[in-house]
Each structure stands twice: as C-alpha cells, then as structure tokens.
Amino acid sequence: MGQLIALIQAAVVFGTVIMFGAVGEIVTEKAGNLNLGVPGIMYLGGICGLMGAFYYEMANPEPSAFMCILIAMLCAFLASMAGGLIFSFLTITLRANQNVTGLTLTIFAGGFANFFGGSLNKLAGGVGQINVAATSAAFRKTPAFFANMGDVGVLLSAFGFMVYLALIIAILMNWFLNKTSVGLNLRAVGESPATADAAGINVTRYKYLATCIGAGISGLGGLYYVMDYTKGTWDSDGGIERLGWLAVALVIFTTWKPKRSIWGSYLFGMLFWLYFYIPGLTRSSQEIFKMLPYLVTVIVLIVVSMRRSRDDQPPAHLGLPYFREER
Amino acid sequence: MSQLETNKAVQMVNITKTFGSLVANDKVCLDIHKGEILSLLGENGSGKTTLMNMLSGIYLPDSGQIFVDGKEVSIASPRDAFNLRIGMIHQHFKLVPVLTAAENIILGLNENRLVDLKTVAARVKEICDRYGFVVEPYKKVYDMSVSEKQTLEIVKVLYRGADILILDEPTAVLTPQETNMLFDVMRNMKADGKSIVIITHKLHEVMEISDRVAVLRKGHYIGDIATCDTNPQQLTDMMVGRAVSLNIDRPEPENIRECLVVKDLTVLDVDGVKKLDKVSFTAYGGEILGIAGISGSGQKELLEAIAGLQIVEPGSSMMYTAKESDKAVELAGCNSMDIKKMGVRSAFVPEDRLGMGLVGSMSIPDNMMLRTYGNGRSIFTDRKAPKGMAEKVVEELQVMTPGLSAPVRRMSGGNIQKVLVGREIAANPSLLMTAYAVRGLDINTSYTIYHLLNEQKKQGVAVMYVGEDLDVLLELCDRILVLCAGKVSGIVDGRTAKKEEVGLLMTHLGQEAEA
C-alpha cells in the first residue's frame, strides 16, 4: 500500500509537469498551430521563473512566500508567452514552416536556458548549485484541508499548489473549448480557417492569442519542474526537454481533449516511474520501462486510426499556414 | 435621390482588383436591385467570383466604390458584409465538418458568452419553416450530403439576417431534382423581398431562374439584359465575345467493337461497404459511353478499378480487347503495374488533376515523363523525348503557359487539364477514361476537350466520360450508364433519353417505379 501511494505521488508530480505542457499545446493546436517548441517553451518558463525568484531572493533577505510565487509565475508565464510570440510571428505573419520553426525554437530555448542556468550557478557561488529555498518551499507547501481524511487525505495533500492549478486549468480549458462561443470559434480556426474567416472570425488574432496563451500555460510546466520536481535548482541535464516531448506525445494521446490530459498525464507518470517499483531491474532494463509512455502513445495512435472516429482526429488545418487572398 | 436609385440594393462603381500582374476586375460597375434574382454570367477567370468576394469582404478592391442602400461603404472583412446584410454562399462550402449544423451557424457571431444550441435550433426551425428548408440542427456536417450542406450554408447566411444573398455556382454539385428545390427556395426568398445574385455558367439555369443577367468577360463588365429579352445564344456571344456554336458534335459511331466487357464488378471500401455492386456493362471502341450519377455513387471506384487502382472482389470480370487485336485479357485482379506490363493501353484522366494526374510542382516535360519513366535503359533520364512531347501538346492544344519549365500548378485549371488530356492521348490508348474532364473549365476549353474526345472516338477508341452536367452528357455521349449507390440503375441511349429520365435513374426512383 505504501509503495502504491509512493508510486501515485511520484506519478502525479511527474504528470503535472507534462499536463501543463500538454494543455497549453492543446490550446495552441486547436488554433491550427503545431508548436513543436513545447520543450523549449518549458525551458523558458523554467529558467525565467528561476531567474526571477533568484534575484528576488538575493535582493530580499526575508522574502515573502506570496511575492516569491507571484514573481516566479509571472516571469515564467511572460517568458513562455514571448516564446509563443516568436513562434506566432514567424508562422502566422511570415508563414514560415511550423515544424521547422518549432524545432528551432526548442533548440534555441534549450541553449538559452542552459546558458543562463549555468550562469546562475556561477553567480550563486561557483561550484555549488543555486537554490532558491524560499520560493521552492512556497511552491512545495502542501495544503492542510485534506489532513483528516486518512490514507486518501495523505495522498491528496502531498502536493504543492501547482498540482491543483494544473487540474483547474485542464478543466477550465475543457469547458472553454467546448462550451463557450469563443472556444467554438477557436476550434473552427484550427479546423478550417477559411470558414472561420468567412464567418467573421479574426483568424490571425485567434491564432496569435491561442499560441501565446498556450505557450504561457506550457511554460508553467517548466516552472513546476524547476521549483517542485528539482526543488529550486538548475540541472543542465536536459530533463525538461525530455518531459517536453512527452507533453507533445500526451497531446496526441488525449486526441486533443484537455480533460483526457488529466488521467493521461498521471498514467504517463505511473508508466514512467514503474521501473522504480519493479524489483530486479538493471540500469539498462530500466530504460525499457521508461519507454512505456511513448509505446502507449503509439498504441493510441493505432487504435484511433483504426476506429477512424471523426471526432478523435487532429484539427484539420493543423500545421498549415492560412492566407486569405491565396488563389 | 431618384426613384430608380432607391430601388438599388447595391451599386458597385469602377471596381478594380489585381492579383500581381493579373487584372481580375477592371473598372467593373454592377447594380443589384431590391427583390430581384440577378445572374452573373461569365467564363472561368472572367472575374465573377472575385467581384462577389469583394462584396462579401473576402477581398479588398484596389480602387472603386461600393454603395449599399445609396450610402458609400467600405467592406474590409466578412463581418462588415454581415453588418450590411450581405451574405455569400461560396462554391467550396465554408463549413467545419466536425461541428454540428447549429454550431456552424453561430460561428463567429458571439451572441452569447456560452453556446446555447437550443435557442439556435429554435431560430433555425423558424427560418426553415419560412422558406421551405429542412436542416437538422444537431447533425454533424461530415454526415451530410452535398445538398444538405448547401441548405445549411443558405440558412447560415439567413440566420445572420442577410437581405442580399450571393450564391456561387450553387447547382454545380446538385441533381436536377435538388436544383429545382433550390430554385423554389430562391423564389420564396425573392418573394420575401431579398436580392439574390447567382453566379453560374449554366445558361438554361440563367434562363429559368433569373430576372436579369449581367455578363463579365476577362474582368470587364460587358452589360446587362433582362432575361425575358434574351436567349442562350446571345448570352454566349456576350460571354465569349464572338459567336460560338453551342452544339456539341456527335459523330455517328463507326466500326464498333467490344473494347471492355465488365461483368459483376464489385468493389468494397476499407470499411467493407460496397462502393460498386455487381456492375456490368460493355464499352465499345468508337463510341463515347457517358457515366452519370450523383457524386459519390461509385464513378471514381469504377474508373479506378479498371485502371487497376482498386481491389476488386472475387467474381468480378473485366475483359479488355485492344484496338488492333481480338485477343481479350482479364484485368480483374491486376494492379496498375501488371496492366501496364500486359500492354494494355488504357488512359485515365482522373478527377483530381493535381493529386492523381499531374505533379503540381513539376514542369510539363517532367509530368510527361511520369508515364514513360520505365522506358529508359540507362540510369539517367532521357529528357529529350518528353520535352518534344510537351512542346507538341502545348502547341496542338494551345496550352497557355508561362514556360515549359514552370511548375504546372502555376497554370489555370483549363490549361492543366489540357496538359493531362494531351499526355493521356499521346499514349495512343484503346480505352480512354475521363472523370469530370470539364469540371471548372470555361466554355471554350470545354469545347476543346469535347472535340478531343470526339477525335479519339473517331479513331476507334472506347471513351468513358464521367460527367455531372446532364445537358452535356446527353449531347456528347452515345450511351449513358447511370450509377446509383454503386449499382447500374440503367443504360440509356444518349440520342433519345430525356434529362428527367436520367435524373430519376440517378436518384433510384427509376427502380422503384419499375418495381
């Protein structure tokens, strides 16, 4: 039982990182933009949130928890949106190829983040790693109101607030896309921009906003990774990028539905950590188990393409540029 | 303001629109009166759709003025057009397939923060009852037939309160019965005081439905005329700019011989649904066999099965006899490669010109090579022969091209079709299959294509012509095979059959009447 709870907790923490990434990318892709820069955007969110917190803590010997969170979140969100803005400008306004732009963004932002991450480490005292203790603690503070619910309570209250925030965002986005007029318009933009345009929807504005806000949400995944998963430190080991690609896989796994990303991300987390709880694995056989989330994604793709349900398909205009006066 | 001007719903004055070096509209002036049905007539590329797109906010005019109800307006987006109560039903439907009818109707309106489909459904029903439509508000668009989609488009525009409706070639994909229903609805809307512009190049429809005709030619406004004062011949002359004979040649078939005997041909799609169900017929060399049917009745599968691109079910038989021999070979169960190796000379002009027929980004000579790439002996390609062939096709069929080396997609649809037909005919086929060979082509190019088909027929080729315009089928073809839901619902004589008779066969009503 204890082991199972530990596995679930590890899975939830892991899943929260990719849930942010995936929900943001779903919003982006619903507008027809295939942003493969998700890992890069998560890098941006992570490093910029860390930088904000680092300088705030340096300037204030006694940082307030609220300000720590506010500054880190704001820095992460704005930096990620800036990444989304670069992508939007290149692909929407200049109509550059989305795949190439997205991959380039990932490479660029990875370099950017590791460069500044290394610099921060140096600033923090050379050999040692930076540690934004106050901010990380604020992010990892667990809520108290599940306390008297026994085992379930222990399980529910083991996480920092961003785990619950991810859930709320996923549910909100699901509601937004399916129930609101603006969400309906957004889906139409991704399915058929010419139709949306003829219906009086400002396609360019929708694409820009969806891509930038989507990137902002994805970037929070990077922030959560840095503040909670690695407890306020910076590793140049590519961990964020690895999870970023899993977030992209999760988007496909959910067949572009935010609510499925909730259990999908936790499932990915369980599958990823499974090796830890299976006895007798060597370092190399562990890696085979780490492959499971990708394998599941492939299986989902096969099942979806065999069922060929029209409602489980990617947005029809995903990855294609739109130009009204094209003929 | 005079009485005459208050009667005008829209005035377009000196409208000019260019795309690069191409002048699509050159100082065009057009009036739309209140409560009339106006036909906008012109060949392909004459600028009809471009002109109407400027009224509906898709394009911005380079210069010129637009007046709505006597006031000068600027229409910069489709939203501006709605606000002026102008709505356009595009030739290629502007609908999102994965959404329901009601969702498509309220796209972009943002009437409420939250989507309230019940209220929408009630209002849709109101509109439907008023004009005699049927729309199921909760049906997904991907489950709809072409005519349902078109109805939905019209309701969508009416829902937005349009008083001026523009319909771009609305009948291109409808059966005669569906066309009649559409015309009834249009008359109802006219009686309700709405102005309707219908873009078309089917002359008999112009004569039937419209009050007035305006003609465009090569971007210029030629003039307008009351429908009751004109006739198809005069309209054609206005459209083309010179006298054109409207009659399609139909030489008597000579030296008929069996070319392709199809028996019990059955084809399933990937879901196991029968796309062709025991189709049997004979195509004779020296005649044109027309194939009619509502789109998606199995025309595509039939031609592809003969070309070896579909897997046919056991029991199907397709016996092919070449022009000069009397030995028959079985095509069923062979793929396109086998068929080519057996020396069968069948030519196929597919519906999807740039998808299956030609490679859009390659030049004309390179596209000519696609047919013969296997002929060379060395590892290097022989570019001379295809280049000569390309030059010959361009010269003989008067293909307008920016240059032999330019990618074919840069040419207009008509010229692309000429290149494709030219290549297929150059292979000296015994069997020539064409799918919607004149779709989207103007009258001049269409007649060139009809002429080419007749030439092949005279040379003893068995021509199969899948068409959608019944008037053309009845004028061009010697016999017409009618497909309905994958079955042959009848084979009629093109010289004696009536249009209504073919229309009934297309909708299966023929069989019910017999039964």
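The values are calculated or read from the model by the stated rules, or taken from the named source; none is laboratory data. Note that this is a predicted model, so its numbers are computed, not measured. We place every Cβ from the backbone using ideal geometry, glycine too, and count neighbours over all the protein chains shown. Heavy atoms of the whole protein, side chains included, go into the accessibility calculation; ligands, DNA and RNA do not. Shrake-Rupley method; radii C 1.70, N 1.55, O 1.52, S 1.80 Å.
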Practice problem: Search the structure for amide H atoms under 5 Å from the amide H of B:TYR59, placed 1.01 Å from N in the peptide plane, and list their residues when 5 or more places away or on another chain. | Solution: B:MET54
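Please give the net charge around B:THR282, taking every other residue with its beta carbon less than 11 angstrom from that of B:THR282, where Lys and Arg add +1 and Asp and Glu add -1.
+1
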Quiz prompt | Rounded to 10°, Cα long-axis angle of helix B:176-191 versus longest principal axis of chain B | solution = 10
Practice problem: Rounded to the nearest 0.05, what FRET efficiency do B:LYS498 and B:ASN335 give with R0 = 41 Å and r taken as the Cβ-Cβ distance? Could you check? | Solution: 0.55
Practice problem: Note down the relative contact order for chain A as a percent, whole number, built from C-alpha pairs under 8 angstrom at least six residues apart. | Solution: 37
Practice problem: Provide the FRET efficiency to the nearest 0.05 for the A:ARG308-A:ASN99 pair, computing r from the beta carbons and using R0 = 22 Å. | Solution: 0.35
Quiz prompt | Estimated FRET transfer efficiency when R0 is 22 angstrom, pair B:ASN110-B:ASP69 (beta carbons, to 0.05) | solution = 0.30
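For chain B, what does -39500 (n - 2.57) per DSSP helix run (n ≥ 4), summed and divided by total residues, give at 222 nm, in deg cm²/dmol to the nearest 500?
Details: 18 runs with 169 residues, N = 515.
Mean residue ellipticity, 222 nm, calculated: -9500 deg cm²/dmol.
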Exercise. Mind giving me the nanometre distance, one decimal, between the label points for A:ARG283 and B:ARG187, set 7 Å out from Cα along Cα→Cβ?
Key: 8.6
Practice problem: In whole Hz, with x marking every Gly and Pro, tabulate ³J(HN,Hα) for the stretch B:325-338 from phi via Karplus 6.51 cos²θ - 1.76 cosθ + 1.60, θ = phi - 60°. | Solution: 10, 10, 8, 9, 10, 8, 9, 4, x, 9, 8, 4, 5, 4
Quiz item: How far apart, in nm, are the 7 Å Cα→Cβ label points at A:SER157 and A:SER119?
Solution: 4.3
Quiz item: Which Cα, out of A:PRO293, A:TRP263, A:LEU281, lies furthest along the positive dipole direction of the stretch A:213-327 (beta carbon charges, K/R +1, D/E -1)?
Solution: A:TRP263
Quiz prompt | Net charge of neighbours whose Cβ lies under 15 Å from the Cβ of A:SER261, counting Lys and Arg as +1 and Asp and Glu as -1 | solution = +1
Practice problem: Starting at the first residue of the stretch B:50-56, write each ³J(HN,Hα) from the Karplus equation 6.51 cos²θ - 1.76 cosθ + 1.60 with θ = phi - 60°, in whole Hz, x for Gly and Pro. | Solution: 4, 4, 6, 5, 6, 6, 9
Self-check item: Carbon and sulfur %, accessible surface of the protein assembly as shown computed with the full protein complex present, 1.4 Å
Solution: 58
Quiz item: Cross-link list B:LYS278/B:LYS499; B:LYS48/B:LYS202; A:LYS30/A:LYS259; B:LYS17/B:LYS48; B:LYS300/B:LYS487: which exceed 20 angstrom alpha carbon to alpha carbon?
Solution: B:LYS278/B:LYS499
Quiz item: Between B:VAL197 and residues 5 or more places away or on another chain, which pairs have amide H atoms under 5 Å apart, with H built 1.01 Å from N, and which residues are they?
Solution: B:LEU38, B:LEU165, B:ILE166, B:LEU167
Quiz item: For the protein assembly as shown, with only Lys/Arg (+1) and Asp/Glu (-1) charged at the beta-carbon, what is the dipole magnitude about the Cα centre, in debye rounded to 20?
Solution: 1860
Quiz item: So how do A:34-42, B:228-236, B:147-155, B:428-436 stack up, highest first, on mean other-Cβ count within 10 Å?
Solution: A:34-42, B:428-436, B:147-155, B:228-236
Quiz item: Nearest 100 Å², what total accessible surface is buried between chain A and chain B (probe 1.4 Å)?
Solution: 2500
Quiz item: Straight-line reach from B:LYS140: which lysines have Cα under 18 Å away, leaving out those fewer than 8 places along the same chain?
Solution: A:LYS179, B:LYS94, B:LYS118, B:LYS125, B:LYS149, B:LYS156
Quiz item: Taking only Cα atoms, what is the 0 to 90° angle, nearest 10, from helix B:146-159's long axis to the longest principal axis of chain B?
Solution: 10
Practice problem: Could you point to the residue in B:GLY503, B:ASN247, B:VAL329 farthest towards the positive end of chain B's charge dipole, with +1 and -1 charges on the Cβ of Lys/Arg and Asp/Glu respectively? | Solution: B:VAL329
Quiz item: From the residues B:GLY357, B:GLY35, B:ALA305, which one has its Cα farthest along the dipole of chain B in the positive direction, the dipole being from +1 and -1 charges on Cβ of Lys/Arg and Asp/Glu about the Cα centre?
Solution: B:GLY357
Self-check item: Average accessible area per residue (Å²) across chain A - probe 1.4 Å, nucleic acids and ligands excluded
Solution: 43
Quiz item: So how far apart, in nm, are the two label points at B:ASP352 and B:ARG410 if each is 7 Å from Cα heading toward Cβ?
Solution: 2.5
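How many partner chain Cβ atoms sit within 10 Å of a residue's Cβ in peptide A:199-205, on average, as a whole number? Kindly include the intermediate steps, with their values, before the conclusion.
Working: counts 14, 13, 7, 3, 0, 0, 0.
The shielding value for this peptide is 5.
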Quiz prompt | Set of aspartates and glutamates with alpha-carbon distance to B:LYS71 below 18 Å, sequence-local pairs under 8 removed | solution = B:GLU5, B:ASP31, B:ASP80, B:ASP163
Self-check item: Residues whose placed amide H lies under 5 Å from that of A:LEU36, excluding near-sequence neighbours
Solution: A:GLY102, A:LEU103
Quiz item: So what is the relative contact order for the stretch B:96-195, in percent, with contacts set as C-alpha pairs under 8 Å and at least six apart?
Solution: 31
Exercise. State, as an integer percentage, the relative contact order of chain B based on alpha-carbon contacts under 8 Å between residues 6 or more apart.
Key: 15
Exercise. Treating the angle as unsigned and between 0 and 90°, give the value, to the nearest 10°, between the Cα long axis of helix B:413-426 and the longest Cα principal axis of chain B.
Key: 10
Quiz item: Under the Karplus relation 6.51 cos²θ - 1.76 cosθ + 1.60, θ = phi - 60°, what is the ordered set of whole-Hz ³J(HN,Hα) values for the stretch B:98-111, x standing for Gly and Pro?
Solution: 7, 9, 7, 4, 4, 5, 5, 5, 8, 3, x, 7, 6, 5
Practice problem: Go ahead and estimate [θ] at 222 nm for chain A from helices alone: -39,500 (n - 2.57) per DSSP H run with n ≥ 4, summed, over the residue count, rounded to 500. | Solution: -23500 deg cm²/dmol
